[in-house]
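Below is one structure; the comments refer to it alone.
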Amino acid sequence: MNNASAPTWRKSSRCSTSTCVEVATVGGAMLIRNSSTPAAPPLRISRKDWEGFLDAIVAGNYRD
């Protein structure tokens, strides 16, 4: 992948270490990676699945 088409990675503004979850949008997919290992292949999921995951977090489905 050349720099012109490289994904733009984002992470939480609350992340104060180098070990954070980063996400990028590529077409209809979301890429997810660990910021401490950026050369490792990212996890790729559909935007629909990503949105469902975020909805579940907001709904409190992952609370202890």
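Any read-out appearing in this document is the output of simple, stated calculations on the displayed coordinates, not a laboratory observation. Note that the structure is a prediction, hence the values are computed from the model and not measured. For neighbour counting, all protein chains shown are included, and Cβ atoms are generated from backbone atoms with ideal geometry for every residue, glycine included.
Does S16 fit the bill of being free of Cβ contacts under 8 Å to residues at least 12 places away in the same chain and either on the phi > 0 side of the Ramachandran plot or in a loop (DSSP other than H, G, I, E, B) (or both)?
yes
Is there any pair linking a residue in the range 42-61 that is without any contact (Cβ under 8 Å) to a residue 40 or more places away in the chain and part of a helix (DSSP H, G or I) to one that is surrounded by fewer than 12 Cβ atoms within 10 Å (Cβ to Cβ) and not acidic (D, E), with Cβ under 9 Å and at least six apart or on different chains, and which?
That search, which allows pairs on different chains as well, returns R47/G27; R47/G28; K48/G28; D55/N61; A56/Y62.
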